[in-house]
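Participant: Right, I'll just put the structure down here and ask away after.
The values are calculated or read from the model by the stated rules, or taken from the named source; none is laboratory data. The structure displayed is predicted, hence computed values, not measured ones. Note that we place each Cβ from the backbone using ideal geometry, even for glycine, and neighbour counts take in every protein chain shown. Note: accessible area is taken over every heavy atom of the protein model, side chains too, but ligands, DNA and RNA are not part of it. Shrake-Rupley method; radii C 1.70, N 1.55, O 1.52, S 1.80 Å.
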Amino acid sequence: MAEHESDREDRGDREPEEQSPPFDEDAAWQAIVAGYGEEPPDPPGSRPFKRVEDLPLPEPDAESDTDKAPVRPLGSSVSFAPGVGPRDYSPPEPSEEDFDEDDEGHFVPPEPPPLPAADTTAKFAWLGVVGGPVLLLLAVVLGWEMTWWLTTLGIGGFLGGFAALVMRMRTDDEGDDDPGRGAVV
């Protein structure tokens, strides 16, 4: 059967969370602020790392230190001279002797066909699509007064050019009669 709150209070039974003292949030924040910037202690059983400055340096020889190159400090990284790094490698250019009789050589794609000439309607449509927002942006940046003709030209040019370009899009309805034929070569 289910116990009610009143039954628990009468018997003195309390939940484990109710038996602990209340949490003091202010004291917890003060402890966090007091420990700011300090390194937390290492967990038990762990060995702390030695600092680079505490590591032993190689023993100097009996010879004079001025004849030898200076000792590289511990903890430094590998550095390459300019133009000698691993990303500066470039493979040698292939020559005709590298190819066998079976090889066809290097593939050079054919020149793409020239772009089709745009008609006057398409040019004005693109001018409206690009020029309308640019005109409004210039008006805002240069602080021009937003008159009715400037707003109409900017917004109307964009909407009209966009509508003209959408209306002139081609639809390829002749290829939709049998879409399951796969690639046609």
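Participant: If packing is taken as the average number of other Cβ atoms within 10 Å across a peptide's residues, how do 107-113, 133-139, 146-152, 84-90 rank, most packed first?
Facilitator: 133-139, 146-152, 84-90, 107-113
Participant: Working with all protein chains in place, sort 53, 25 by solvent-accessible area computed with a 1.4 Å probe, largest first.
Facilitator: The most accessible residue leads, giving 53, 25.
Participant: Please work out how much length the chain gains when fully extended from residue 117 to residue 50, using 0.36 nm per residue of separation minus the C-alpha to C-alpha distance, in nm with one decimal.
Facilitator: 16.9 nm
Participant: Taking the full set of protein chains and a 1.4 angstrom probe, give the accessible area of residue 140 in square angstrom, rounded to the nearest 10.
Facilitator: Rounded to the nearest 10, that gives 100 Å².
Participant: Another question, then. For the full complex of protein chains and a 1.4 angstrom probe, list 155, 32 by accessible area with the highest value first.
Facilitator: I get 32, 155, largest accessible area first.
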